[in-house]
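Peer 1: One structure coming up, written as structure tokens, with questions to follow.
Only the coordinates and a few stated rules stand behind these numbers; no lab work does. Note that the structure is predicted; figures quoted are calculated from it, not measured. Counting neighbours? That spans all protein chains shown, and the Cβs are built from the backbone with ideal geometry, glycine included.
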Amino acid sequence: MRIFLKYFFTLYILGVVLVVGIAGFRGSKTTRTPIEVFPDMNRQPKLRPQTTTKFAQWADGQTSRPHPVGTISREANWEDNALNTGKQNGAFVEVMPIAVTSTVLKRGQERFTVYCQPCHGVLGDGKGITSKFGMGNVANLHQDRLVKIQDGDIYNTLAYGKGTMIGYASAIPVPDRWAIVAYVRTLQLSRLATASEIPAAILPTIK
């Protein structure tokens, strides 16, 4: 029994010392260098600006690198740029600020298929695959209101969402947003165009 108590008190005292040594002086001030179990948490390797480095990827050895392609300056007035926001002087632009080409439309169709078709459907009529799972509040892109709204409004909805639709600004870059807007307008035109507006060369091929 004495041997048991001896070891018990010894372990107890060691335990108290250990706890006090680890946590008992937390918050107290000292001039001694603290014990760092994981020093990389506080002292991470990094590059100082305006210095040199032996990092093999950079042949010139300079730590300060040129801005990546597409970097927007804070002085670029991003919020009032029609290309980037779909707005000019606080109002949605009527017409998209890009040239619509076959390449743009093809890209728009590809991105529409990925991000829009699941809800809005292949034809943009709101009858995508999600409608089969109870999602019935998807907009029909052919309704009169959406045909008449500004191109910038459609762009803004793509970027930031509207109603239950989430925004895709983090997933769809600016050029692709406008490409989708162009393709949406193409879908709308496909239902609104008259026979007189169809080029004579392709009219015989339409059934």
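Peer 1: How about the range 143-171: which of its residues are surrounded by fewer than 18 Cβ atoms within 10 Å (Cβ to Cβ) and part of a loop (DSSP other than H, G, I, E, B)?
Peer 2: Of everything in the range 143-171, those that are surrounded by fewer than 18 Cβ atoms within 10 Å (Cβ to Cβ) and part of a loop (DSSP other than H, G, I, E, B) turn out to be 143, 149, 150, 161, 163, 164, 166, 167, 169, 170, 171.
Peer 1: If you take the residues of the range 85-123 that are within 20 Å of the chain's Cα centre (by Cα) and of a type in the set (A, V, I, L, M, F, W, C), which of them is surrounded by the fewest Cβ atoms within 10 Å (Cβ to Cβ)?
Peer 2: In this case the residue turns out to be 114.
Peer 1: Just to be sure, is residue 177 among the basic types (Lys, Arg), under 18 Å from residue 98 (Cβ atoms) and either part of a helix (DSSP H, G or I) or out of contact with any Phe, Trp or Tyr (no Cβ under 9 Å at 6 or more places or on another chain) (or both)?
Peer 2: In short, yes.
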